[in-house]
Amino acid sequence: MTRQSIAVMASGRGTNLAAILEAANNGKCPVDVRVVLSNKVDAPALQIARDAGVDTILFINPKDYPDRVAYDQACSKVIESHQCDWVVLAGYMRILSSGFVSHFENRLINIHPALLPSFTGADGVADALAYGVKFSGCTVHLVHEEVDAGPILAQASVPVLNDDSVESLHQRIQKEEYTLYPNTLRRLVEEEFHLEGRRVIWHT
Ligand code: GRF
């Protein structure tokens, strides 16, 4: 079976990274996590990558670069030097420069903890809860320059319960993320898609 290589960019806990690594190891997702990059020195995602034996694990310090463009260029250089097919954002909490986004056009993906186009931004779970929706979920999408606005590759929904807190709803959503993200990566490797306007049309 064909395998493709990915770079994961993460700023936080890295539980999606862990789910991808696990799916890659147990044959459910034909990817090799070749690079893990973080903008946070103490991101637990870095330790998850170390424990899994990922080859290239880097904290790239934003303070070492004059601006976002220079920082993103440094990240891009690492990713390209390892010939990654896909760049996977997993809780990466920095806005990407337009140069980075266009360089990786249609091979840069993100997961968002809400059913886009509703509840974009950093507080998607809290915003959905406060709005009072009865269903929320998660969305895997191609990354465009506008935040959380790229074409949708896959979604999964979960109910919102009467006694939900932001934490309990996020937990229910994350459980779906751990299946949806590796599955979508598998489809990206094994299936083709094309775009009709904003619509992602999978070929199988
Ligand atoms: C996830 O809920 C994801 O949807 C959002 O950030 C969170 C990252 O969680 N983009 P983790 O770091 O993978 O645990």
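We did not get these values from a lab; they are worked out from the coordinates using the rules stated. In this text the structure is predicted, and so the values were computed from the model without any measurement. Because the Cβ atoms are built from the backbone with ideal geometry, glycine has one as well, and the counts that use them run over all protein chains shown.
Residues checked against (1) surrounded by fewer than 12 Cβ atoms within 10 Å (Cβ to Cβ); (2) at positive phi; (3) more than 15 Å from the chain's Cα centre (by Cα):
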residue	(1), (2), (3)
Gln155	no, no, no
Val158	no, no, yes
Asn162	yes, no, yes
Val166	no, no, yes
His170	no, no, yes
Glu190	no, no, yes
Gly197	yes, yes, yes
His203	yes, no, yes
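Annotation note: of Lys40, Lys63, the sole residue that is more than 18 Å from the chain's Cα centre (by Cα), more than 30 Å from Glu191 (Cα to Cα) and not in a strand (DSSP E or B) is Lys63. One residue stands out among those in region 144-174 that are closer than 22 Å to Leu96 by Cβ and out of contact with any strand residue (DSSP E or B) (no Cβ under 7 Å at 6 or more places or on another chain): the one that is nearest to the ligand (Cβ to nearest atom), which is Val147. For region 16-38, residues that are polar (S, T, N, Q) and surrounded by fewer than 18 Cβ atoms within 10 Å (Cβ to Cβ) total 2.
Could you tell me whether any residue of region 84-104 is surrounded by fewer than 21 Cβ atoms within 10 Å (Cβ to Cβ), within 30 Å of Asp163 (Cβ to Cβ) and without any contact (Cβ under 8 Å) to a residue 60 or more places away in the chain? Checked against the condition, which is being surrounded by fewer than 21 Cβ atoms within 10 Å (Cβ to Cβ), within 30 Å of Asp163 (Cβ to Cβ) and without any contact (Cβ under 8 Å) to a residue 60 or more places away in the chain, region 84-104 yields no hits at all.
Taking strands (runs of 3 or more DSSP E) that fall entirely within region 118-204, which contain at least 3 residues that are of a type in the set (A, V, I, L, M)? Quick ask: steps written out before the conclusion?
Numbers: elements: 135-142, 152-159, 193-196, 199-202.
Qualifying strands (runs of 3 or more DSSP E): 152-159.
Only one of these conditions is not met by Ile48: (1) more than 20 Å from His112 (Cβ to Cβ); (2) surrounded by fewer than 18 Cβ atoms within 10 Å (Cβ to Cβ); (3) not small (Gly, Ala, Ser). Which number is it? All conditions pass for Ile48, except number (2). Which of the following residues is touching an Asp or Glu at 6+ places or on another chain (Cβ under 9 Å) and hydroxyl-bearing (Ser, Thr, Tyr): Thr139, Thr179, Thr184? Only one candidate qualifies: Thr139. Scanning region 116-134 for residues that are closer than 18 Å to Lys175 by Cα and in contact with a helix residue (DSSP H, G or I) (Cβ under 8 Å, 6 or more places away or on another chain), we see that the one that is nearest to the ligand (Cβ to nearest atom) is Val125.
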